[in-house]
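The values are calculated or read from the model by the stated rules, or taken from the named source; none is laboratory data. Computed from a predicted structure; not experimentally measured. Here the Cβ is made from the backbone with ideal geometry for all residues, glycine too, and neighbour counts use every protein chain on show. What goes into the accessible areas is simple: the full protein's heavy atoms, side chains included, and nothing from ligands, DNA or RNA. Shrake-Rupley method; radii C 1.70, N 1.55, O 1.52, S 1.80 Å.
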Amino acid sequence: CFSQIVKADEGYYIWENERRIPIPITYRPVKVIEYLGEKGGFLNGAEDLFIDKNNYMYVADTRNNRILKLTLDGTTLGVFTGPTEKPLKSPKGIYVDDEGDMFIADTGNQRILHLFHDGAYIEEFTKPESDLLQENFIFDPSKVYINSTGYILVIKSQAFFSMDADNEFRGYVGATKVGFDLRRLLIRMFATDIQKVRVAKELPDSYSNFVIDDRGMIYATVINTEEDQIRKITSAGENIYREDILYGEITMSASGEKFPNFVDIAVNKKGIVSVIDQTSGKIFQYDQEGNMLTAFGGLGDQKGMFKIPSSLVEDSQGRLYVLDQEANNIQVIEPTHFINLVHEASNLYNDGMYAESRAVWEEVLKIDGKYSLAHRGIAKALLKEEKWKESMERYKLANDQKGYSEAFTQYRHSIFRSYFGWIVLAVAAVIVALFYIIQYLRRTSESVLRKHMEW
């Protein structure tokens with residue numbers, strides 16, 4: 001339900017999947033990086049960004065068949081095209097380790113290319129020899145990451161393909177689950193061969209991009225699904241992020257409803273998640289529990305809007321960098337004081353500092369008194385402090401029925417615990433009183449009956 005019209009440079013959020021609620025500006029575009037000097041020239045269909053621990057930015061400049069190393073303001077420090085005998089061909093992904101070594105998803109050459117920080121060749125990883133892989137298996141990596149155990153992970157449709165430093169296949173991680181579908185079962189049983197082929201061509205849930213945090217958690221975006229498009233995957237392959245909800249929002253077009261198509265994800269040190277939707281050109285941001293914090297951007301030519309966004313990263317200062325493969329530029333977007341307060345409050349609560357988070361949420365409400373997430377944050381902090389009644393009032397302001405019910409249940413239990421002794425005494429007194437009343441009534445009835453018999 002789109003009840004508000006929001007400009008591209010303004011923020012909004014969607015509360016409980018119901019409606020857009022405008023909020024103060026959360027991010028402002030501060031710079032557009034286009035021409036990279038004589039050394040770098042212009043981008044051409046670039047598809048991936050990466051910022052290393054030293055705050056250098058790397059670009060997989062896909063159609064130019066190269067990797068660029070830049071400062072955060074866009075100054076070109078290095079141009080890498082791979083070994084002379086077998087140069088890069090349509091690279092779509094880049095990862096850089098703590099030593100500055102580059103691991104490149106060299107898609108056109110069907111390999112992962114490993115280069116020194118200066119571009120010198122080290123090794124390459126190709127399709128592993130394994131009985132577990134089918135003969136027609138195609139190794140065409142598009143995104144690459146190295147996890148904490150040193151394994152190389154690349155996206156392979158519905159899972160992450162894992163291999164070690166010896167080019168040995170180590171299995172799949174985080175395979176998407178295929179639920180029961182009665183329609184598919186009936187088609188397999190009764191449909192013609194042509195109909196079966198058409199159904200087989202329907203796209204399954206597939207990963208589009210991912211990052212791995214310092215704790216080894218995989219944060220990934222999923223396409224071809226109407227819910228759970230953002231997932232937080234443990235080493236055991238389980239999704240522990242909020243499930244069964246639509247991330248992003250549905251857009252309307254002449255052809256009907258269009259669901260989000262998240263193409264990249266960025267996660268900061270505290271677990272704040274930002275994703276970019278290629279369908280709407282918008283950036284959506286969520287907290288550690290999957291609650292939407294803000295949404296902004298859109299499709300267009302002006303600053304803060306995008307044509308075909310392809311990648312998103314965040315630096316140590318909280319600035320977002322958006323790569324646009326159609327506009328051939330990188331936009332730098334800076335957080336405002338308002339969203340910084342929201343992040344601080346969310347992080348404090350997540351770290352168990354409930355009283356401190358409540359104070360910061362109060363600062364958020366001084367800027368926007370109707371920001372529902374602030375009321376909910378205060379309610380949750382009050383709940384942790386066992387201030388049930390105050391928590392109920394805040395949940396009511398947040399229009400959070402589930403939270404209100406939880407606070408009310410705790411409030412009811414606290415009342416019962418507070419007066420439990422008196423309740424026991426009162427019940428005992430009532431029982432004793434009833435006993436004596438019954439005894440009195442019995443004696444009285446026997447006396448009356450006896451007098452009646454004598455008469």
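General remarks:
- Of the criteria (1) open to solvent by less than 50 Å² (accessible area, probe 1.4 Å); (2) within 30 Å of the chain's Cα centre (by Cα); (3) not aliphatic (A, V, I, L, M), which one Ser414 fails: (2)
- Those strands (runs of 3 or more DSSP E) of region 12-90 in which 1 or more residues are at pLDDT 95 or above and either polar (S, T, N, Q) or open to solvent by 20 Å² or more (accessible area, probe 1.4 Å) (or both) occupy 27-33, 48-51, 66-70, 76-80.
- When Lys127, Lys156, Lys143 are screened for being under 26 Å from Tyr207 (Cβ atoms), open to solvent by 50 Å² or more (accessible area, probe 1.4 Å) and within 24 Å of the chain's Cα centre (by Cα), only Lys156 passes.
- On inspection, Ser310 passes the criterion of being of a type in the set (Gly, Ala, Ser) and at pLDDT 95 or above.
- Sole exception among (1) under 21 Å from Ala165 (Cα atoms); (2) free of Cβ contacts under 8 Å to residues at least 24 places away in the same chain for Asp118, by number: (2)
- Out of Ser357, Ser346, Ser372, sole residue that is closer than 30 Å to Asp315 by Cβ, hydroxyl-bearing (Ser, Thr, Tyr) and touching a strand residue (DSSP E or B) at 6+ places or on another chain (Cβ under 6 Å): Ser372
One line per residue, one yes/no per condition, for (1) modelled with pLDDT of 90 or more; (2) among the β-branched types (Val, Ile, Thr); (3) surrounded by fewer than 21 Cβ atoms within 10 Å (Cβ to Cβ); (4) under 30 Å from Gly40 (Cα atoms):
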residue: Ile330; (1), (2), (3), (4): yes, yes, no, yes
residue: Phe338; (1), (2), (3), (4): yes, no, yes, no
residue: Glu344; (1), (2), (3), (4): yes, no, yes, no
residue: Val360; (1), (2), (3), (4): yes, yes, no, no
residue: Glu385; (1), (2), (3), (4): no, no, yes, no
residue: Tyr404; (1), (2), (3), (4): no, no, yes, no
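- Test: residue in region 337-356 that is of a type in the set (A, V, I, L, M) and more than 19 Å from Asp287 (Cα to Cα): no
- Residues satisfying the stated conditions in region 24-71, i.e. farther than 24 Å from Gln278 by Cβ and in contact with a strand residue (DSSP E or B) (Cβ under 8 Å, 6 or more places away or on another chain): Pro24, Gly37, Lys39, Gly40, Asp52, Tyr56, Lys69, Thr71
- Within region 285-330, the residues that satisfy the criterion of being among the aromatic types (Phe, Trp, Tyr) and touching a Phe, Trp or Tyr at 6+ places or on another chain (Cβ under 9 Å) are Tyr286, Phe296.
- Residue tally, condition assigned to a strand (DSSP E or B), of a type in the set (Gly, Ala, Ser) and open to solvent by 10 Å² or more (accessible area, probe 1.4 Å), over region 244-266: 2
- Lys451 open to solvent by less than 90 Å² (accessible area, probe 1.4 Å), more than 28 Å from Arg20 (Cβ to Cβ), among the basic types (Lys, Arg) and free of Cβ contacts under 8 Å to residues at least 12 places away in the same chain: no
- Annotation for region 67-74: at least one member residue is in contact (Cβ under 8 Å) with a residue 12 or more places away in the chain and farther than 20 Å from Arg319 by Cβ.
For every residue, the table says whether it meets (1) modelled with pLDDT of 85 or more; (2) within 30 Å of Ile339 (Cβ to Cβ); (3) open to solvent by 90 Å² or more (accessible area, probe 1.4 Å); (4) not aliphatic (A, V, I, L, M).
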position: Tyr371; (1), (2), (3), (4): yes, yes, no, yes
position: Lys389; (1), (2), (3), (4): yes, no, yes, yes
position: Asn399; (1), (2), (3), (4): no, yes, yes, yes
position: Val430; (1), (2), (3), (4): yes, no, no, no
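- Close pairs (7 angstrom Cβ cut-off, 6 or more residues apart or separate chains): among the β-branched types (Val, Ile, Thr) in region 284-313, at pLDDT below 95 and not in a loop (DSSP other than H, G, I, E, B) anywhere: Thr294/Gly11; Thr294/Tyr13; Thr294/Ile23
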